[in-house]
């Protein structure tokens, strides 16, 4: 029996558009360097960077409701325009003051809209029988820019200035917006006789609560290295940020490209356990790394875990909600990544200050373990059908 295709024209257009949105976004890993040049202290830089997550958290639930009631395409276009305006506005930032916070908040709105709606569209377009595989493949459009964005920034800053970096990022954002124009509406046909669930009812849905807990544990693990890998490596004087994320992204992409059908064939929970164990192993190794090789292996282990955990949880979330509530569910899911960064970053930073990076990465791995065990206990009798 021939399997249903993933690479339809709609999926391909969304994949390419998301790639360029992500490429532009990841060039801003260099923004802290610009803020430091403007005289910003570590606390100020942290506040500026964190303001993007705050706006993203606040806007995502509203976006999900609009997606389910009005469709995906309006959010794509709104997010694309907002993202382009925000990136262009960085060219007007010349000091650390109220204006940079305004720019970051607007950028957060654009980023939240695009991240949520693009993965919702991917979930709409892939066949239900290959949903985890399709989401995993679509995720490559965000993972590849993770390594390329930093490298592109290095290349531009090595030759020109931050103004050139922001101008290039704005050009990429405009290109991504133009690529979104052919995207068609993908919202499933609604059953007008059944009322849509409220945001709160989806949030507290019994089948979804274990997944929210698991996601918070997962995002804490991600936050530990996305936030602290640069300062950890600078202090340890081993490896490099580029080496870690290169191993991370390559491993994750290869796994998604060549093994993405595995979770659907083995069962989502069976594939989830080794992926979580790989993430925890990577965190523990990172905290005890004493060589460049250890940094690279830790990056590969973390990337291997990320490769499966994200699409598996995504597919489980989608499988437990009615199609009419898919947008709300996906925006709540992606909002937890910002919540994890907003809460986990400062808490793990305190652990570093009072103890060490080794302790911090160990604590992060322990949080992933505890939240994963909580998920297993709470999800023992979860139904497979849509519930919310």
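The values are calculated or read from the model by the stated rules, or taken from the named source; none is laboratory data. Since the model is a prediction, treat every value here as computed from it, not as a measurement. Cβ sites come from the backbone with ideal geometry, for glycine too, and all protein chains shown count toward neighbours.
Structure values in brief
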| quantity | calculated |
| --- | --- |
| Tally of residues being in contact (Cβ under 8 Å) with a residue 24 or more places away in the chain and surrounded by fewer than 19 Cβ atoms within 10 Å (Cβ to Cβ) across region 282-295 | 6 |
| Residues within region 164-181 that are under 17 Å from residue 107 (Cα atoms) and surrounded by fewer than 21 Cβ atoms within 10 Å (Cβ to Cβ), tallied | 6 |
| Some residue of region 5-17 being at pLDDT below 85 and out of contact with any strand residue (DSSP E or B) (no Cβ under 7 Å at 6 or more places or on another chain) | yes |
| Selection status of residue 110, part of a helix (DSSP H, G or I), modelled with pLDDT of 90 or more and in the same structural domain as residue 57 (by TED's automatic domain parsing) | yes |
| Matching option when the condition is under 15 Å from residue 281 (Cα atoms) and at pLDDT 85 or above, among 355, 366 | 366 |
| Candidate set from region 64-79 (those that are part of a helix (DSSP H, G or I) and closer than 13 Å to residue 119 by Cα); member that is farthest from the chain's Cα centre (by Cα) | 73 |
| In region 1-32, residue farthest from residue 231 (Cα to Cα) [restricted to those that are free of Cβ contacts under 8 Å to residues at least 12 places away in the same chain and assigned to a helix (DSSP H, G or I)] | 9 |
| Residues satisfying the stated conditions in region 35-47, i.e. modelled with pLDDT of 80 or more and touching a helix residue (DSSP H, G or I) at 6+ places or on another chain (Cβ under 7 Å) | 35 |
| Selection status of residue 336, surrounded by fewer than 24 Cβ atoms within 10 Å (Cβ to Cβ), closer than 30 Å to residue 231 by Cα, in contact with a helix residue (DSSP H, G or I) (Cβ under 9 Å, 6 or more places away or on another chain) and outside the structural domain of residue 61 (by TED's automatic domain parsing) | yes |
| Residue under evaluation residue 289, criteria (1) over 25 Å from residue 72 (Cβ atoms); (2) assigned to a helix (DSSP H, G or I); (3) at pLDDT 85 or above, criterion not met | (2) |
| So residue 322, is it closer than 19 Å to residue 127 by Cβ and crowded, with 17+ Cβ neighbours inside 10 Å | yes |
| Qualifying residue in region 87-97 (condition: under 22 Å from the mean Cα position of the chain (by Cα), buried (at least 22 other Cβ atoms within 10 Å of the Cβ) and in contact (Cβ under 8 Å) with a residue 24 or more places away in the chain) | yes |
| Single residue of 228, 218 found to be under 30 Å from residue 23 (Cβ atoms), under 22 Å from the mean Cα position of the chain (by Cα), modelled with pLDDT under 85 and in a helix (DSSP H, G or I) | 228 |
| In region 158-186, residue farthest from the chain's Cα centre (by Cα) [restricted to those that are free of Cβ contacts under 8 Å to residues at least 60 places away in the same chain and assigned to a helix (DSSP H, G or I)] | 164 |
| Which numbered condition residue 271 fails, given (1) assigned to a helix (DSSP H, G or I); (2) touching a helix residue (DSSP H, G or I) at 6+ places or on another chain (Cβ under 6 Å); (3) over 26 Å from residue 126 (Cα atoms) | (3) |
